[in-house]
Structures are given as structure tokens and as C-alpha cells.
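Colleague: Quick one: the structure is below, questions incoming.
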Ligand SMILES: O=C(CO)[C@H](O)[C@H](O)COP(=O)(O)O
Ligand SMILES: [Fe+2]
């Protein structure tokens, strides 16, 4: 799956920017990644609930809300109620991640847990039983256009093994610095869903960039798994 990040889109034209990556299954974006930043958990400030509500009305693409905020225990359920498909919180910010997952699911969305590049996976394997998605950050959260950190692929491989051996049922998603040069390594590591901001919205034709990234990832995954 490919999830273009609107962090690199034109915020004055979000509806049109969503339409630019929409399309039939297998062609258009699978999810639209929405980076919510509060200038506390990360140094940057982006958008919040009203923008997600407006986007929900403007596109049929499932919204993948990545909450880079303090106190997600308080705010996550609002994004589920706003119609997000996935609501992802950071384990480093969550007081009670199991309860957050339960609340998100009760409000009708899928629950995602994100880990920063320096956060290990091991302590959260049990918590991840309550989640639908693991978002492995491959840059320090806060800004688009940063360079991919290859060390995080060990965690993607570890998550893939946990899923393939039946210990967890999760979509393994990666976020940060994904482009034509990095997506193959992530696909080989077993990632299911690739967030791409600058590589999609910085391209002349965002729709074509989505198709090219998907094809590259699919070919690399096929080669890796035989
Ligand atoms: O969560 C994020 C940053 O914190 C963004 O989703 C991510 O950086 C996407 O942008 P790019 O593909 O340009 O790295
Ligand atoms: Fe993100």
C-alpha cells in the first residue's frame, strides 16, 4: 500500500491535492497520510481536527492520521469520530496505549502505534496485540523531506517476523524518507504500507509517482520472497 503524506502538499488546496492521488484500487493512493503535529511532542505545527473533518468530506481515500502530539489519550478518539480510517499515536507520548487502542476501535477506526527511530520494539510486543498497525518511523518525527534512517529496517524485519509467525496481526507501515532510492529496501524488509510525502507531492505528477512507487515496492517484495 502507498500512503501519500499531505505534509508536502499545498495546504490551501488540500481537496485538489487529495484528488491528485485518488484512483481505483491498485492505482490510486490506498491511504492518505495526515500528519498532525502540535509543536510540543515535535517542534513543528501542522493541522488538527477541523482540517481532518474537512478532508473527510472532500475525499473518499481512507485517512491515515498520524498524531505527533502530547496527550494522545485525550485526543485520539476525536480523530476516529471525525472519520479517520486509522488513528496512530506515538508510544512515547501515550500514558495508556492499550486503553487508547480500545477507545479508537470503539469509535470505529483502526488503531495504530508509532515508534520513533530510537525506540525499540521489544517492550511493546504485548501492547501491539491491541493494535491494527505498527508505524515504524524512519526519520525523527517533525518534518518532511528528511533522509531515510536505514537502521530502522531491523525493527521492520522484526515486526514482519512477528506477523508471519502468527504472534501479531498488524499492517507494518514505514514513514519518513521513502522514495525511489529507499522503498526497495523497506519492501525487502517486509513493510506492507509506505508513507511518502515529498516523493509524491514534490513530483510533477503525484498520481504517477504513487503508481511508480507501488510497482517498485511490489517488484522488490516479490524478488525478496521469491
Ligand atoms: O510523519 C512525518 C514526519 O514526521 C511524515 O509523514 C514524513 O516525514 C513524510 O514525509 P517525507 O516522505 O517527505 O519524509
Ligand atoms: Fe507521518
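Taken together, the values in this text are just the output of simple stated rules run on the coordinates, not laboratory data. Keep in mind the model is a prediction, meaning the values are calculated, not measured. Cβ placement follows ideal geometry from the backbone for every residue including glycine, while neighbour counts extend to all protein chains displayed.
Colleague: Got a sec? How would 8, 114, 138 order by Cβ neighbour count within 10 Å, fewest to most?
Modeller: 8, 114, 138
Colleague: Further question: Kindly state, to the nearest 0.05, the FRET efficiency for residue 149 paired with residue 44, given R0 = 25 Å and r defined as their beta-carbon distance.
Modeller: With a Förster radius of 25 Å, E is 0.90.
Colleague: Order the peptides 119-131, 82-94 from the highest to the lowest mean number of other Cβ atoms within 10 Å of their residues.
Modeller: 82-94, 119-131
Colleague: Also: I need to check one value: relative contact order of segment 2-225, counting alpha carbon pairs closer than 8 Å and at least 6 residues apart, in percent.
Modeller: Details: 464 pairs, mean separation 43.0, N = 224.
Answer for segment 2-225 is 19 percent.
Colleague: Please report the antiparallel percentage of DSSP beta bridges with both residues in segment 1-133, rounded to the nearest 5.
Modeller: 5
Colleague: Follow-up. In the Gaussian network model of the chain, springs joining C-alpha atoms below 10 Å, which of 211, 74, 160 carries the largest mean-square fluctuation?
Modeller: Comparing 211, 74, 160 in the GNM, the peak value goes to 74.
Colleague: Listed highest first by mean packing, meaning other Cβ atoms within 10 Å per residue, what order do 9-17, 165-173 come in?
Modeller: 165-173, 9-17
Colleague: Moving on. Report, in whole Å, the centroid distance computed from the Cα atoms of segment 46-74 and segment 154-180.
Modeller: Computed from Cα coordinates, the inter-centre distance equals 23 Å.
Colleague: In the Gaussian network model of the chain, springs joining C-alpha atoms below 10 Å, which of 35, 96, 64 carries the largest mean-square fluctuation?
Modeller: Of the options given, 96 has the highest mean-square fluctuation.
Colleague: Hey, another quick one. Please report the antiparallel percentage of DSSP beta bridges with both residues in the chain, rounded to the nearest 5.
Modeller: 5
Colleague: Follow-up. Which order do 75, 31 fall in if you start with the one that has the fewest other Cβ atoms within 10 Å?
Modeller: 75, 31
Colleague: I would also like to ask the following. Exposure proxy check: 37, 137 ranked by fewest other beta carbons within 10 Å?
Modeller: So the residues, fewest neighbours to most, are 37, 137.
Colleague: Also, quick follow-up: Let me check the size of segment 2-225 from its C-alpha atoms; what are the radius of gyration and Dmax in Å?
Modeller: Cα radius of gyration and Dmax of segment 2-225 are 15.9, 45 Å respectively.
Colleague: Here's a follow-up. Grab the beta carbon distance between residue 95 and residue 53, set R0 = 22 Å, and tell me the FRET efficiency rounded to 0.05.
Modeller: Details: r = 25 Å, r/R0 = 1.16.
Once the sixth-power term is evaluated, E becomes 0.30.
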